[in-house]
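Colleague: A single structure is presented below for examination.
The values are calculated or read from the model by the stated rules, or taken from the named source; none is laboratory data. Keep in mind that this is a model prediction, so the values were computed, not measured. Here the Cβ positions follow ideal geometry from the backbone for every residue, glycine too, while neighbour counts run over all protein chains shown.
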């Protein structure tokens, strides 16, 4: 970064001189490649300490040659980066409201880069004058009310000369300051053009500045008008200086759909000979592009093209590469992604049923162990998703296979809207391929992925898969389909159907001698029994699950079993035993690097600390869990954390905070159509209303929770709702309905073995009966 002192001072002034009533908003506008993004990012780093909640960056792709970012998608990125957005509102207005709510309580600096127009930006603006928004655009965005407009112009002559000298070195530039001034003027003192030429000059040791000036004049060929003349000339000059192989590599790199490029991806795009020889050619090409500043390396081994470089390279690709060659290059890249994901998941999920690709790409990556494969999947997440979306749009042969290869990671990543898109494209492609086995397996995996965000869709996928597997006479597939159907029913809060389906799956797995499948079924069965309040039976299933997983050495299964055992002990009042099992689960989860399991454990351990009276520790655990679930997009996990957080706040006397979290939990649960979780959240809402002296509201909400509990068969929720109705009715002197509610609640509590709660209601009944003379 060179110069721009005046612009940086103006940015700081805009941030510090705000009137306290309006959001400080600065629009950096200027021609392409003039340095707007570099200035915005540099300013964000310099101002970071003033914004303790963080600095967030979103590329809006307004002029990148790709589809401009939809404001709703950009808000999803911002909310998840901020740790607030798991089950996000469906509408743009809903997401914008949630974003404004979060930023109203958090001082954050937001860089909205490469905006196309004001309409794209408005929903993304923070909701507090304590924040700062820096927007970059080729347009002035004068329709943004209250924005400070800062034109980013060409560098001053001295700064442009300094930039050139820093890159090219002082030895030759110092000999002819007049030629240096003419050269940067010929570049229009444009940072990108200056950088490109300085990089080329550095590697031509026999040239002097006058020779470079002559060659630049010969390459001038403006294509799109005067604004682009300087950098098009620079690009053409730099491009002509490359070796033929590197020119072709640059053209093909422009076809990459993801945010960054690895050497392996570059090799696939270029079609280089697989093996050390071809890899060496690609690396030499990459080094040549790096030397010429046509490629950047923001992190080790990961390369990026500037938007203008990509646009120029794509233009040259369209001119010089036939359509078939371009399609084949993208196909090789998708084959690399498919084969690499397949190999990675074979290591990370060795027991998973996988249908091998008919032909594995020669460019597929190889991994030494599961840890290396996991690291690759994490680093390549954005590229793999971009590749899968490219396949879904225009390459059905890969669209049909990529979701199956990516299934375990799609479930972990939790990008539900994109996941729906990918599975939709895969299923559509597979229906015309005549491969019912792969179609059925893909539907099963879609059901597993969708259960956390869309139980209804998950159930539909599992049902169709079951029919296909039955036609194929595939008992393992039938077992898998039945298991996923039971999980979908459970996620929706329908415990009866869940238990029926899991019983079918369990019988099939036992017939097959599949101990892992048997344990998975017992886990779901135990969870359903827990939801129904059949705690002793749930504990028995969890203990049996643990014994199976210990016998098979399944670490993840042991983590989940210890967690479930601990949670049953907690609900039955055995807090010390609950703590022991949960801590054991936590140790194993850290060894396993299980982010989802750790988040669930934070919630359950928090509930134990709450029962022990350690509210601050409980609140801290719930907040960590909530942040983790939201970052992963786990809607069910978010609901649980929100309800736990609300309960702890209510117990701590923070009724307003509790009501906020219970209400949000009900909204998220309703969004994924989970009646059980909605009922639990509504109980919290009703409790807060009753404590705050709003009995009519409390009665109404308790009735809603009771109706949902009867629909889902959850006796614990029904008992709590009836008890709440009894106590609330008494406060309004409605003795007769209060006694009826109390009798019903006592009956349910006794059926659950909850004698303390039942005895409390019995005493209430006796007191009121004596008081009325009944």
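Colleague: With the range 268-384 as the region, which helices (runs of 4 or more DSSP H) entirely inside it contain at least 3 residues that are under 30 Å from residue 205 (Cβ atoms)?
Modeller: Output list reads 276-291, 307-320.
Colleague: Taking the options 136, 165, 170, 91, name whichever one is free of Cβ contacts under 8 Å to residues at least 60 places away in the same chain and within 32 Å of the chain's Cα centre (by Cα).
Modeller: From the options 136, 165, 170, 91, the qualifying one is 91.
Colleague: Okay, next question. Condition (residue is without any contact (Cβ under 8 Å) to a residue 12 or more places away in the chain, closer than 19 Å to residue 680 by Cα and surrounded by fewer than 17 Cβ atoms within 10 Å (Cβ to Cβ)) applied to the range 656-663: is it met by at least one residue?
Modeller: Yes, the conditions are met somewhere in the range 656-663.
Colleague: Which of (1) surrounded by fewer than 24 Cβ atoms within 10 Å (Cβ to Cβ); (2) in contact (Cβ under 8 Å) with a residue 60 or more places away in the chain; (3) within 22 Å of residue 492 (Cβ to Cβ) is the odd one out, the single condition residue 637 does not satisfy?
Modeller: The number of the failed condition is (1).
Colleague: Within the range 382-401, how many residues turn out to be surrounded by fewer than 18 Cβ atoms within 10 Å (Cβ to Cβ) and touching a helix residue (DSSP H, G or I) at 6+ places or on another chain (Cβ under 6 Å)?
Modeller: Here the count works out to 1.
Colleague: Can you give me the number of residues within the range 99-120 that are in contact with a helix residue (DSSP H, G or I) (Cβ under 6 Å, 6 or more places away or on another chain) and over 17 Å from residue 55 (Cα atoms)?
Modeller: Residues flagged as in contact with a helix residue (DSSP H, G or I) (Cβ under 6 Å, 6 or more places away or on another chain) and over 17 Å from residue 55 (Cα atoms) within the range 99-120 amount to 2.
Colleague: Shifting gears a bit: Filtering the range 52-74 down to residues that are modelled with pLDDT of 90 or more and in contact with a strand residue (DSSP E or B) (Cβ under 9 Å, 6 or more places away or on another chain), which residue is farthest from residue 36 (Cα to Cα)?
Modeller: Top of the filtered list is 74.
Colleague: Also, I was wondering about something else. So residue 68 fits all but one of (1) in contact with a helix residue (DSSP H, G or I) (Cβ under 7 Å, 6 or more places away or on another chain); (2) surrounded by fewer than 18 Cβ atoms within 10 Å (Cβ to Cβ); (3) on the phi > 0 side of the Ramachandran plot; what number is the exception?
Modeller: (3)
Colleague: Given the criteria at positive phi, modelled with pLDDT of 85 or more and not assigned by TED's automatic domain parsing to the domain that holds residue 194, does residue 33 qualify?
Modeller: No: the conditions fail for residue 33.
Colleague: Could you check the range 723-742 and list, in sequence order, the residues that are in a helix (DSSP H, G or I) and either over 44 Å from the mean Cα position of the chain (by Cα) or free of Cβ contacts under 8 Å to residues at least 24 places away in the same chain (or both)?
Modeller: Selection gives 729, 730, 731, 735, 736, 737, 738, 739, 740, 741, 742.
To keep it simple, each residue is scored yes or no on (1) over 40 Å from the mean Cα position of the chain (by Cα); (2) in the same structural domain as residue 30 (by TED's automatic domain parsing); (3) at pLDDT below 80.
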| position | (1), (2), (3) |
| --- | --- |
| 175 | yes, no, yes |
| 179 | yes, no, no |
| 191 | no, no, no |
| 203 | yes, no, yes |
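Colleague: Another question about this same structure. I'd like to verify a number: residues in the range 298-342 that are more than 17 Å from residue 262 (Cα to Cα) and surrounded by fewer than 17 Cβ atoms within 10 Å (Cβ to Cβ), how many?
Modeller: 9
Colleague: State yes or no: is residue 427 surrounded by 19 or more Cβ atoms within 10 Å (Cβ to Cβ) and at negative phi?
Modeller: For residue 427, the condition - surrounded by 19 or more Cβ atoms within 10 Å (Cβ to Cβ) and at negative phi - is not met.
Colleague: Ok, one more. Can you name every residue in the range 129-140 that is within 21 Å of residue 55 (Cβ to Cβ) and surrounded by 17 or more Cβ atoms within 10 Å (Cβ to Cβ)?
Modeller: Scanning the range 129-140 gives 130, 131, 132, 133, 134, 135, 136, 137.
Colleague: Follow-up question, since we're still on this one. Does residue 372 satisfy being modelled with pLDDT of 90 or more, closer than 28 Å to residue 596 by Cβ and surrounded by fewer than 18 Cβ atoms within 10 Å (Cβ to Cβ)?
Modeller: When the stated conditions are applied, residue 372 passes them.
Colleague: Identify all residues within the range 572-603 that are assigned to a helix (DSSP H, G or I), over 23 Å from the mean Cα position of the chain (by Cα) and within 30 Å of residue 756 (Cα to Cα); write none if there are none.
Modeller: Once the filter is applied, which keeps residues that are assigned to a helix (DSSP H, G or I), over 23 Å from the mean Cα position of the chain (by Cα) and within 30 Å of residue 756 (Cα to Cα), the range 572-603 yields 575, 576, 577, 578, 579, 580, 581, 582, 583, 584, 585.
Colleague: Looking at 198, 154, 179, 171, which is the one that is assigned to a helix (DSSP H, G or I) and under 26 Å from residue 63 (Cα atoms)?
Modeller: So the residue among 198, 154, 179, 171 that is assigned to a helix (DSSP H, G or I) and under 26 Å from residue 63 (Cα atoms) is 198.
Colleague: Return yes when residue 760 is more than 44 Å from the chain's Cα centre (by Cα) and free of Cβ contacts under 8 Å to residues at least 12 places away in the same chain and no when it is not.
Modeller: So residue 760 fits the description; yes.
Colleague: Return the residues of the range 688-700 that are over 33 Å from the mean Cα position of the chain (by Cα) and either part of a helix (DSSP H, G or I) or modelled with pLDDT of 95 or more (or both); say none if nothing qualifies.
Modeller: 689, 690, 691, 695, 696, 697, 698, 699, 700
Colleague: So if I check each of 621, 653, which one is outside the structural domain of residue 713 (by TED's automatic domain parsing) and either surrounded by fewer than 22 Cβ atoms within 10 Å (Cβ to Cβ) or not in a helix (DSSP H, G or I) (or both)?
Modeller: Criteria check complete, one pass: 653.
Colleague: Take the conditions assigned to a helix (DSSP H, G or I) and not assigned by TED's automatic domain parsing to the domain that holds residue 313 and apply them to residue 122. Does it pass?
Modeller: When the stated conditions are applied, residue 122 passes them.
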